[in-house]
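The values are calculated or read from the model by the stated rules, or taken from the named source; none is laboratory data. Values in this document were obtained by computation on a predicted structure and should not be read as measured data. Note: ideal-geometry Cβ built from the backbone for every residue, glycine included; neighbour counts use all protein chains shown.
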Amino acid sequence: MRAVILILAAAALLALPFAAQAAGQPALITLATRIAVYAIAAASLNFILGYGGMVSFGHAAFFGLGAYTVGVMFHHAGAGPMFGLIPGTTHLLVTIPLALAVSGLAAAAIGALSLRTGGVQFIMITLAFAQMLFFLFVSLTTYGGEDGLIIRRPNEFLGLNLRDRVTMYYVALGFAAAFFLILWRIVHSSFGAVIQGIRQNERRMAALGYAPYRYKLAAFVLSGMGCGLAGALMANVLRFTSPDLMHWTKSGELIVMVILGGLGSFFGPVFGAAAFLILETYLAGWSEHWPLALGAILLVIVLFTRGGVAGLIARIGGALQR
Amino acid sequence: MTAVLEIAGLVRRFGGLTATDNVSLTVMPGEIHALIGPNGAGKSTLINQICGELRPDAGAVRLMGRDITAATVPERVALGLGRTFQVTSLLDEMTVRANIGMAVAAREGRTFRLWDRLAGRASVWAEADALLRGTALEPRAAVVVRDLSHGEKKQLELLVALARRPAVLLLDEPMAGLGHAESQEMIGRLAEVGRTTPMLLVEHDMDAVFALATRVSVLVYGRIIAQGSPDAIRNDPAVREAYLGAEDELA
C-alpha cells in the first residue's frame with residue numbers, strides 16, 4: 001500500500017512538467033521547484049524540531065549561507081580569487097559540497113554554544129546568531145550588501161542547462177529524492193532513535209547512559225547542512241541571493257512549514273512547504289494583505305488538525321481503510 | 001571487601017538549609033541497604049547527588065572504590081550505577097519493548113551510528129525480549145508507554161534499569177503508588193533481583209523495607225540518626241522519636 005503510494009507520487013512528480021505545459025501553466029514548474037527545495041530545508045529543520053525537540057529559530061542562517069556560497073563563488077569566478085587565494089567556481093559539484101561544509105561548520109559553532117541552553121533561551125540564541133549573520137551580509141558591500149548578489153549564470157552541472165526551468169526542476173527533484181532517502185536512513189538509525197528519545201525524555205536518556213549533548217550537536221550540524229543544501233539549490237533557482245534569505249522571518253517561514261505539514265512526521269515538511277508556497281503564491285496574487293489570510297489558515301490548521309497536513313492525510317487514509 | 005557504593009561525608013546546602021548533612025553510608029556486595037526517613041528528610045536530594053544530577057558541596061561518592069564525585073550522569077551509568085525514578089520517567093512515545101531496547105543499545109554502545117537500522121540490531125532485540133520473558137509486561141511489549149498503568153510503569157522502570165546490568169541499583173521508592181497486590185509482587189521481584197544485584201532502597205513502605213533490607217539507615221533532617229539491622233532499627237528509641245505519630249507504621 002505504502003509502496004504503491006510512493007510509486008504513484010514519484011510518477012506524478014516526474015510527469016508534472018509535462019502536465020503543467022499541457023495545461024498552459026509553465027509557472028507551476030518553478031513553483032514545484034521551489035517546493036522541492038523548501039521541502040529539503042523544512043525537513044532539515046523538522047529533524048531537530050520535530051524529531052529532536054530543539055526549537056531553532058535561526059535556521060535561515062544556514063539556508064542563506066548555502067545560497068551565498070553559490071553566489072560568492074560565482075562572484076569570485078569573475079572577479080578573481082577570494083583574498084587573492086581561493087578561486088571562485090561555477091560548478092555545482094563543487095559549490096554543493098562547499099555549501100554543505102560552510103553551513104555545517106556554522107551549525108557546529110552556533111550549535112556548540114546554543115545547545116548549552118534549552119527552552120526559550122535556545123530559541124533566542126539561535127535567533128540572535130542568525131540575525132548577526134544577516135547583518136554581517138547586509139554590511140558586506142563586496143557581495144552587494146542588502147541588495148544581494150545577482151548570479152547571472154546558474155552553476156554548471158553534468159552539462160545540463162540549469163537555466164531551463166524543466167531541467168532545474170528535475171535537478172532539484174533529484175537532490176530532494178536523495179536527501180529524503182538519506183534522512184529516512186538517519187531517522188531509522190540508532191542515532192535517530194537516540195535523538196527521538198532525547199526529545200521524549202532527556203533525563204531518562206541520561207539515566208540510560210546517553211550523553212545528550214553530543215547527539216544533539218551532531219543532529220544540529222546535520223540539520224544545518226540540509227538547510228545549506230537547500231540554500232545552494234535556491235540560489236540556482238532564483239539566480240540571485242540576498243540577506244533576506246537569512247532574515248528571521250525566513251526562519252519563521254521554515255517553522256511554519258514544519259508545523260503546517262506536521263511536526264515530527266517524515267513527509268510532513270513536503271506538504272508544509274507545498275501548502276505554504278501555494279498559499280503564498282495564490283493569496284499574494286489576490287491581495288497584498290495575504291499574510292493575514294495565511295495567518296488565519298495557519299491558525300485553523302494548528303487548532304483543528306492535530307499533526308498538520310500529514311496528520312490530516314493519515315486520518316483520512318485511516319477512515320478510508322475502515 | 002570494598003563497598004560497591006560508598007558515600008563519604010556528603011554535604012549539600014540550599015541557602016541556609018543543610019539538606020544533606022555529612023551523610024556517610026555504604027552498600028556492600030549482596031546487600032540490600034534501605035534508606036528510610038520522614039517526608040522532607042532529604043532522601044531525594046541524597047539520591048540526586050549519588051546519581052550525579054546534583055553536585056554535593058563536600059564529600060565523595062565512590063563506586064567500587066572509584067571516586068565518581070565529579071562524573072556526569074551518563075558516565076556514572078556507564079560505570080555501573082543503575083537507578084529507578086520515584087516519579088516514573090520513561091520514553092512515553094515508545095513501546096515497552098523499545099524502552100528496554102534503548103537501554104540495551106546504550107549498554108552495547110555503537111549508538112552514534114547514522115547508517116545502521118536500530119530495528120535490525122538482532123542482539124538488542126533478542127536481549128530485550130529475554131528480559132521481558134516471563135514478566136507481567138511480556139504481553140504488553142507492543143504497548144506505548146503512555147498507555148500503561150502506573151503499576152506497569154513502575155515494573156518497566158525496574159526492567160529498564162536491569163537492562164543496563166548495573167553493579168549497584170538505586171531504587172527511589174519503587175512501591176510508591178502501588179496497590180497491595182502490586183506491592184507484594186514488586187517485593188518478590190526485588191528480592192529476586194537483590195540476590196544478584198546489591199541495592200540502595202529508598203522507600204516509604206515499611207513492610208517492603210523490613211521484608212527486603214539487610215541493613216537500614218534512617219535519615220532525618222539530612223542527617224543519618226541510626227544505622228543497623230532491621231530489628232535494631234525497629235527498636236531504636238531515636239528512630240521511634242523521629243517517626244512520632246507514625247509508630248504503628250514501624251510496629
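Which one of these is in a strand (DSSP E or B), surrounded by fewer than 17 Cβ atoms within 10 Å (Cβ to Cβ) and modelled with pLDDT of 95 or more: B:23, B:11?
B:11
Exactly one condition in (1) modelled with pLDDT of 95 or more; (2) assigned to a loop (DSSP other than H, G, I, E, B); (3) surrounded by fewer than 24 Cβ atoms within 10 Å (Cβ to Cβ) is false for residue A:84; which is it?
So residue A:84 meets the others, but not (1).
Does region A:103-115 contain any residue that is in contact (Cβ under 8 Å) with a residue 12 or more places away in the chain, under 17 Å from residue A:48 (Cα atoms) and in a loop (DSSP other than H, G, I, E, B)?
Yes, the conditions are met somewhere in region A:103-115.
List every residue pair whose Cβ atoms lie under 7 Å apart, where the two residues are 6 or more positions apart in sequence or sit on different chains, the first residue falls within region A:210-223 and is at the interface with another protein chain (Cβ under 10 Å from one of its Cβ atoms) and free of Cβ contacts under 8 Å to residues at least 60 places away in the same chain, and the second residue, located anywhere, is among the charged types (D, E, K, R) and surrounded by fewer than 23 Cβ atoms within 10 Å (Cβ to Cβ).
A:212/A:202
Can you tell me which residue is surrounded by the most Cβ atoms within 10 Å (Cβ to Cβ) among those in region A:117-140 that are at pLDDT 95 or above and not hydrophobic (A, V, I, L, M, F, W, C)?
A:126
Out of everything in region B:109-139 that is closer than 15 Å to residue B:95 by Cα and crowded, with 16+ Cβ neighbours inside 10 Å, what residue ends up being nearest to the other protein chains (Cβ to nearest Cβ)?
Among those residues, the one meeting the criterion is B:118.
Between B:52, B:80, B:59, B:65, which is touching a residue at least 60 places away in the same chain (Cβ under 8 Å) and either buried (at least 17 other Cβ atoms within 10 Å of the Cβ) or touching a Cys at 6+ places or on another chain (Cβ under 7 Å) (or both)? Don't jump to the end; show me each part of the working.
Numbers: B:52 fails: touching a residue at least 60 places away in the same chain (Cβ under 8 Å); B:59 fails: touching a residue at least 60 places away in the same chain (Cβ under 8 Å); B:65 fails: either buried (at least 17 other Cβ atoms within 10 Å of the Cβ) or touching a Cys at 6+ places or on another chain (Cβ under 7 Å) (or both).
Every option except B:80 fails the conditions.
Quick check on residue B:6: is it surrounded by fewer than 21 Cβ atoms within 10 Å (Cβ to Cβ) and part of a strand (DSSP E or B)?
When the stated conditions are applied, residue B:6 passes them.
Among the candidates A:61, A:32, A:41, A:9, single out the residue that is closer than 30 Å to residue B:93 by Cα, of a type in the set (Gly, Ala, Ser) and under 19 Å from the mean Cα position of the chain (by Cα).
A:41
Taking the condition of being facing another protein chain (nearest Cβ under 9 Å) and either surrounded by fewer than 24 Cβ atoms within 10 Å (Cβ to Cβ) or free of Cβ contacts under 8 Å to residues at least 40 places away in the same chain (or both), how many residues in region B:88-98 meet it? Let's see the steps before the verdict.
Quick first cut of region B:88-98, residues facing another protein chain (nearest Cβ under 9 Å) only: B:89-94, B:98.
After this cut, where a residue has to be either surrounded by fewer than 24 Cβ atoms within 10 Å (Cβ to Cβ) or free of Cβ contacts under 8 Å to residues at least 40 places away in the same chain (or both) as well, the list is B:89-90, B:92-94, B:98.
So the count comes out to 6.
Would you confirm whether any residue within region B:53-72 is facing chain A (nearest Cβ under 10 Å) and either closer than 15 Å to residue B:164 by Cα or of a type outside the set (Gly, Ala, Ser) (or both)?
yes
I'm checking my understanding of the structure. Among residues of region B:27-45 that are in contact with a Ser or Thr (Cβ under 6 Å, 6 or more places away or on another chain) and within 13 Å of residue B:201 (Cβ to Cβ), which one is surrounded by the fewest Cβ atoms within 10 Å (Cβ to Cβ)?
Only one residue tops the list, namely B:31.
Could you tell me which numbered condition residue B:142 fails, if it satisfies all but one of (1) farther than 20 Å from residue B:78 by Cβ; (2) within 14 Å of another protein chain (Cβ to nearest Cβ); (3) small (Gly, Ala, Ser)?
Single failed check for residue B:142: (2).
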